[in-house]
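Structure first, commentary second.
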Amino acid sequence: PGPDLDKVEAAVRTYYSLVSSFIGDPTKGWAFSRSGRGGGTDRWDSIWERIASLSQRLQHVAIDCIDFRECIKNWDTKFTLFFLDPPYLSAISKGFYGNNFTWQDHKDLADILRNVKGKWMLTYDDTPKLRELYRGFEIRRINSKLSSQKVPRGTRRVSLRQILITNYHLGEKKN
């Protein structure tokens, strides 16, 4: 968008792109479901309700696109909940982030999180190196699929072994 584009119009265009593209990634192509929940023209029936709901949900949420060191320093209070999803170490996610997040960056993040006043939740790939880096915090293994992967009919998405790390107790795991 050019500098003359109204911010609301820019937001509408961005939301349209995200709703109508495959996971909002133009390099993956367009994907429309012809039927089923949210498929076909039903996708547009509730767009205004979704925008209103999202607007209310995000009313007190801040999303920054800055270095994590600065972000945590700017927002850390005892009332803050940080959700962090740094670049993973595994080869399966290399190239998705468009940056060079080094091992030193991973260590810096762990060091900073050790002193955060608020709560934080972090997702990572499940590696012994990361488990060691975050030893002493709550670590829970989670399984998921690579949702941004477009797969041919009849094939399956890549399974991911991830960990959820927090500086607070999550409660008992439910099956």
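Can you work out which of the residues in segment 94-117 that are polar (S, T, N, Q) and part of a loop (DSSP other than H, G, I, E, B) is modelled with the highest pLDDT?
Of the residues in segment 94-117, the ones polar (S, T, N, Q) are 99-100, 102, 104, 115.
Still in the list and also part of a loop (DSSP other than H, G, I, E, B): 99-100, 102, 115.
Values: 99: 61, 100: 76, 102: 86, 115: 97.
Taking the candidates together, the pick is 115.
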Out of segment 137-155, which residues are touching a strand residue (DSSP E or B) at 6+ places or on another chain (Cβ under 8 Å) and modelled with pLDDT of 75 or more? 137, 138, 139, 140, 141, 142, 143
Could you check segment 53-70 and list, in sequence order, the residues that are under 29 Å from residue 158 (Cβ atoms) and either in contact with a strand residue (DSSP E or B) (Cβ under 9 Å, 6 or more places away or on another chain) or of a type in the set (Ser, Thr, Tyr) (or both)? 68
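Residue-by-condition table, conditions (1) over 29 Å from residue 162 (Cα atoms); (2) part of a strand (DSSP E or B); (3) hydroxyl-bearing (Ser, Thr, Tyr); (4) at pLDDT 55 or above:
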| site | (1), (2), (3), (4) |
| --- | --- |
| 19 | no, no, no, yes |
| 34 | yes, no, no, no |
| 38 | no, no, no, no |
| 54 | no, no, no, yes |
| 62 | no, no, no, yes |
| 69 | no, no, no, yes |
| 92 | no, no, no, no |
Expected output for segment 75-88 (first residue in a loop (DSSP other than H, G, I, E, B) and modelled with pLDDT of 90 or more, partner surrounded by 15 or more Cβ atoms within 10 Å (Cβ to Cβ) and of a type in the set (Gly, Ala, Ser), Cβ below 8 Å, 6+ apart or cross-chain) is 76/118; 77/118; 78/118; 79/118; 80/118
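The values are calculated or read from the model by the stated rules, or taken from the named source; none is laboratory data. Small disclaimer: the values here were computed from a predicted structure and weren't measured. With ideal geometry, Cβ positions are generated from the backbone for all residues, glycine too; neighbour counts draw on all protein chains shown.
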